[in-house]
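Student: Below is a structure I'd like to ask you about.
The values are calculated or read from the model by the stated rules, or taken from the named source; none is laboratory data. None of the values given here were measured: they were computed from a predicted structure. Note: ideal-geometry Cβ built from the backbone for every residue, glycine included; neighbour counts use all protein chains shown.
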C-alpha cells in the first residue's frame, strides 16, 4: 500500500465529482478559495498538533484519473446527464492551483485554517474528501500522542520514550501506518509498525508476545530460547503467568539483558517491585517497559506516583484517539472571484459562524516566548512586526514549493511548539482555553456580508 | 490503493517478524493453532456482525516478501543476530496452512473464534497484526451499521435506506473505503465513497454540498443550475440558509425532482414541515433525506416520532463507530503439536480466561427459528443434529477453498441473521445478554490444563 497512487483518485465522495460535473456542464469554473479547519476542539483537548500535510501535498500534486477509473465513473447512472467532455477533462486533470498549509508539528486550535486551496472551483471541489480524511485523522492522532508524550515526560525525564503499538486496533491496516506517523510527530520515539518504519524512516520497536512464552512448555525455556538469539538486546515479557516469577526466571537466564516488559496487573506496583528486585542485583541498567491499554491519564498517574519506568508502549488509545475518536474538520468555501469581482462567503447560523475570505493566523508570544494568543486575520493584513504567521504556501500553480522535511524535524517542531504552550494547556484537563481573537477587518467583513445575505433572504 | 498488494506484507508489528526470526534460528516450527476472538462486547453492543474475512483471505493467500522489503528488514539493528537463512525463508514465504472463519454477515459474540489459523508456528505468527486490524475494524463498523439499519427500519419500512457518508471523518483515506464495505454488510444501501463502489460493487450515492449553493450568488440560481443538469434526478440540499425558504426555492425551480436533503436544525420538525409543504403540492413522491451527525439513537427517536423520512445519510458515527471506537480482538495460541504430541494452551487470569484447543461454535435455535443460545465446543465435538456450526474452512494447505461471495449476498446473510435475533438483542440497549455456553469437554480440558500449569508454576 502506497499512501498515494493512481487508485487514490477515486478516494472521494461521489458528490465532489457530480458537483464538478455540474459546474463543468454549466461552464462555471470561477477561481475560489476553500479553507479546511476544525470546528471545535474535541472533549479533553486543549490544543491540536497539525499533521497530515505531507500526504495532502503528495495527493494534490499527483492526482489524476486513469482510463479504468473514468470507465467506472461513466458506468454510473449518476453521470447519465454528463457529456463526454467532462470525462475528457478528468482524463487531463492535474491540479493547477495554490495550496497553503500550517506546517506539520505546529500547535493549532479550532477555527484556524490548517489548509487553504486556491484554484478553479472544479479542482478545489474534487480535493475535499481526501484532504479532510488525511488531516482529520493524523491531526487527531498527533494531538492525542502529544498529550501522552507530555504526560510521560512530565517529571522532566525527556529520555523516557513512548512507543506506538496500536496497529492491531487501528481502523484497518492502513490507518495503523498513518497512526504510527502521526504519533511520531506528536513526540513518540517510534512504532511497532514495520511499514511505517520503512515509509517514513520511523524507528521500529518490538519485544515478544505472550505467544512466544506459550509456544514453549515452560517460561524459563521460552526465556532461554529468546536469550540465545537476541542476547543482551533481549526484552523479556514477564507477565504471562506471574510477573514476579517471570522476573526471577529472566534473572535465572541471564544478568545481562536489555529490559523487561510488564503488560498486565497493577503496573505501578508491579514496576516498583520489579525495579526493587533488579536493583537488589545491581541491575539498575535493565529497563522497565510498561504497556497494556495505557493512555495519558494512566501514565500521568504513574509518573505522579514515582513509578520506575523507562519506556511506555501505547496502542489502542493513541491509534484510535479513543476518548475523542473524531475531529470536526470541515472544508468551506470562503472566497470566489468571477467576472464581477471577488465575492466572500461565510456561514452565520448562531451555532456555526465561519468567517469569510482567505486568512492568516498570527501567533503572539509573551516576553518569555510563551504563546499569548492567536489572531485570525484576512490574508492581506500584516502583523509580522508583533507576531508569527502560521500558514505558508506549499503548492504554487500546481508545483510543490517547499522541500519535504524529515519526520524527525517535524517532531522537533512539535517539541518546540509544546515548550511554548502556556502551562495551563499542558494539563490533561484545562479550564483556561487559549485565546483566539479575530481581527477587526475580518469582523467588519463578516458583518457586511451578513447584512447582504439578510437582504437577499428577505427579498 | 489496493487493499492488499506486495507492500502490505510489512503491515505487521515488528515483533511478529523478530519472533518468527527467533523461532527460525531455534529451528522450532511446530504445527499450531491460533484463534482470533473478541474478548468482550464493547459498551452499547448486544451482538456483533462478523466482517473482514474476505480481506483476510486475500491477504493470507497473497502474502509474500519482495527483495526491497527484505533489504529494509536486514537494515534494521533488530535483526543483527539473525542469519541470512531467515531472509531466504522470507523470500520464499507463502502461507501453507489452513484458515477457518465465520462467514461475513454472521451474528457473533464475545469469546467466539472468528478466525482460526492452523499452520507452522512461523507462518501463523506473522499473520497476527494484519488479521486483527482487518477483522477488528470491519466487524466494529458492520456491528454499528447493523444497529443503525435496525433503528432506521424499526417501524417495518424495510425500503427506508441508510447511506454511508463517513469518508471524511474515517481514520484516514483507506479506512473510509473499508468502512463503506463494512456498513454495506451491516445493512446500508450504499456509500458516498467512489473507490468502495468500484472495488466492492457497492451502490454509490451523493447529493450536493452546501458549497454548491454558496458557489452561486443566491440559492435559487444554485438550484436552477443544479436542476438544469441533473433534471428529475436532482436532490436539493435545502438548509444552506433557511430550510423552509430552501424548499420553496426548490419548488420554484421544478415540481418534478427526486428529493430534498436536510442536514441541520431539528430534523424531526424540519422533516414534518417539509413533508407537509410537499404533500400540499401533491408531491408525495418527492423523497426526504436526512443527515447531520446521525446515529442509531437519534434515528430511533425520529422513527418513534413518526418522522416522514425516506432515507438517512450517516457519516462520522458509523465510520468511526463513535460510541465504541475499538473492538478488543485478540489472537491467541490455543494448540501446539510437536514430536511429543498435542499441547493445549489457555489463559487463566481471573479476569481473562481463554479456552484451549481449536473450537467450533454451535448455534441453537427455538422452534420459531429465533436464536436461543450458542455453545462453544472443541472442534471434534458434534452437535450437528441440534445446532448449526458457524466456523467454516476457508483456506486449506494455502489454497482458498470457498468461492468469493458477493457483498450483496453477505448483506443478505446479515439481514437473515438479524431476523433470527431475539427481540431483546435488537433493542439499542439490552439487559439480557445472549447466552453463550461452553461444552463440558472444553471445561474439563481447561481444568486439566489449569492443574498442569499450577504444578509447573509451583515447581
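Student: Please give the number of the condition residue A:102 fails out of (1) within 16 Å of the chain's Cα centre (by Cα); (2) closer than 22 Å to residue B:177 by Cβ; (3) in the same structural domain as residue A:392 (by TED's automatic domain parsing).
Tutor: Here residue A:102 clears every test but (2).
Student: Among the listed residues B:125, B:116, B:159, which satisfies the condition of being farther than 18 Å from residue A:15 by Cα and at the interface with chain A (Cβ under 10 Å from one of its Cβ atoms)?
Tutor: The conditions single out B:125.
Student: Based on what the data block shows, is residue B:354 surrounded by fewer than 19 Cβ atoms within 10 Å (Cβ to Cβ), under 26 Å from residue B:425 (Cβ atoms) and modelled with pLDDT of 95 or more?
Tutor: No; evaluated as a whole, the condition is false for this residue.
Okay, residues lined up against (1) exposed (fewer than 13 other Cβ atoms within 10 Å of the Cβ); (2) under 30 Å from residue B:295 (Cα atoms); (3) not assigned by TED's automatic domain parsing to the domain that holds residue B:94:
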residue: B:360; (1), (2), (3): no, no, no
residue: B:364; (1), (2), (3): no, no, no
residue: B:377; (1), (2), (3): no, no, no
residue: B:386; (1), (2), (3): yes, no, no
residue: B:389; (1), (2), (3): no, no, no
residue: B:400; (1), (2), (3): no, no, no
residue: B:421; (1), (2), (3): no, yes, no
residue: B:432; (1), (2), (3): yes, yes, no
residue: B:449; (1), (2), (3): no, no, no
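Student: Could I ask something else about it? Identify the single condition in (1) closer than 18 Å to residue A:210 by Cβ; (2) crowded, with 17+ Cβ neighbours inside 10 Å that residue A:300 does not satisfy, given that it satisfies every other one.
Tutor: (1)
Student: Going by the conditions given, is residue A:318 modelled with pLDDT of 95 or more, over 20 Å from residue A:186 (Cβ atoms) and crowded, with 19+ Cβ neighbours inside 10 Å?
Tutor: Criteria not met by residue A:318.
Student: Mind listing whichever residues of the stretch B:20-35 are crowded, with 23+ Cβ neighbours inside 10 Å and either without any contact (Cβ under 8 Å) to a residue 12 or more places away in the chain or under 21 Å from residue B:99 (Cα atoms) (or both)?
Tutor: Across the stretch B:20-35, the qualifying residues are B:20, B:22, B:32, B:33, B:34, B:35.
Student: Would you confirm whether any residue within the stretch A:28-37 is over 30 Å from residue A:106 (Cβ atoms) and either part of a helix (DSSP H, G or I) or facing chain B (nearest Cβ under 8 Å) (or both)?
Tutor: yes
Student: For residue A:134, only one of the following conditions fails: (1) under 21 Å from residue A:313 (Cα atoms); (2) within 13 Å of another protein chain (Cβ to nearest Cβ). What is its number?
Tutor: (1)
Student: Here are some conditions: (1) modelled with pLDDT of 95 or more; (2) out of contact with any strand residue (DSSP E or B) (no Cβ under 6 Å at 6 or more places or on another chain). Residue A:6 meets all but one. Which one does it not meet?
Tutor: The one condition residue A:6 does not meet is (1).
Student: Here are some conditions: (1) in a helix (DSSP H, G or I); (2) away from every other protein chain (no Cβ under 14 Å). Residue A:312 meets all but one. Which one does it not meet?
Tutor: Evaluating residue A:312 over (1) in a helix (DSSP H, G or I); (2) away from every other protein chain (no Cβ under 14 Å) leaves (1) as the failure.
Student: Let me ask something else about it. Criterion first (over 29 Å from residue B:236 (Cα atoms), over 14 Å from the mean Cα position of the chain (by Cα) and within 11 Å of chain B (Cβ to nearest Cβ)) does residue A:59 satisfy it?
Tutor: yes
Student: Of these, A:146, A:151, A:142, which one is within 14 Å of chain B (Cβ to nearest Cβ), in contact (Cβ under 8 Å) with a residue 12 or more places away in the chain and assigned to a helix (DSSP H, G or I)?
Tutor: A:142
Student: Let me ask something else about it. Taking the stretch A:316-350 on its own, how many of its residues are free of Cβ contacts under 8 Å to residues at least 24 places away in the same chain and more than 9 Å from every other protein chain (Cβ to nearest Cβ)?
Tutor: Number of matching residues: 4.
Student: Somewhere in the stretch A:38-50, is a residue within 32 Å of the chain's Cα centre (by Cα) and part of a helix (DSSP H, G or I)?
Tutor: Within the stretch A:38-50, none of the residues are within 32 Å of the chain's Cα centre (by Cα) and part of a helix (DSSP H, G or I).
Student: Would you check if residue B:14 is within 11 Å of another protein chain (Cβ to nearest Cβ), buried (at least 19 other Cβ atoms within 10 Å of the Cβ) and closer than 23 Å to residue B:321 by Cβ?
Tutor: For residue B:14, the condition - within 11 Å of another protein chain (Cβ to nearest Cβ), buried (at least 19 other Cβ atoms within 10 Å of the Cβ) and closer than 23 Å to residue B:321 by Cβ - is not met.
Student: May I pose another question? Can you list the helices (runs of 4 or more DSSP H) found entirely within the stretch A:170-258 that contain at least 3 residues being more than 16 Å from the chain's Cα centre (by Cα) and without any contact (Cβ under 8 Å) to a residue 60 or more places away in the chain?
Tutor: Ranges flagged: A:194-200, A:210-214, A:219-230, A:243-253.
Student: Moving on. Would it be correct to say that residue B:394 is under 21 Å from residue B:185 (Cβ atoms) and in contact (Cβ under 8 Å) with a residue 40 or more places away in the chain?
Tutor: yes
Student: Just give me the residues in the stretch A:263-291 being free of Cβ contacts under 8 Å to residues at least 24 places away in the same chain, in a helix (DSSP H, G or I) and more than 17 Å from residue A:242 (Cβ to Cβ), in sequence order.
Tutor: Of everything in the stretch A:263-291, those that are free of Cβ contacts under 8 Å to residues at least 24 places away in the same chain, in a helix (DSSP H, G or I) and more than 17 Å from residue A:242 (Cβ to Cβ) turn out to be A:279, A:280.
Student: Across the stretch A:91-125, what is the number of residues that are without any contact (Cβ under 8 Å) to a residue 60 or more places away in the chain and either assigned to a helix (DSSP H, G or I) or within 24 Å of residue A:376 (Cα to Cα) (or both)?
Tutor: 2
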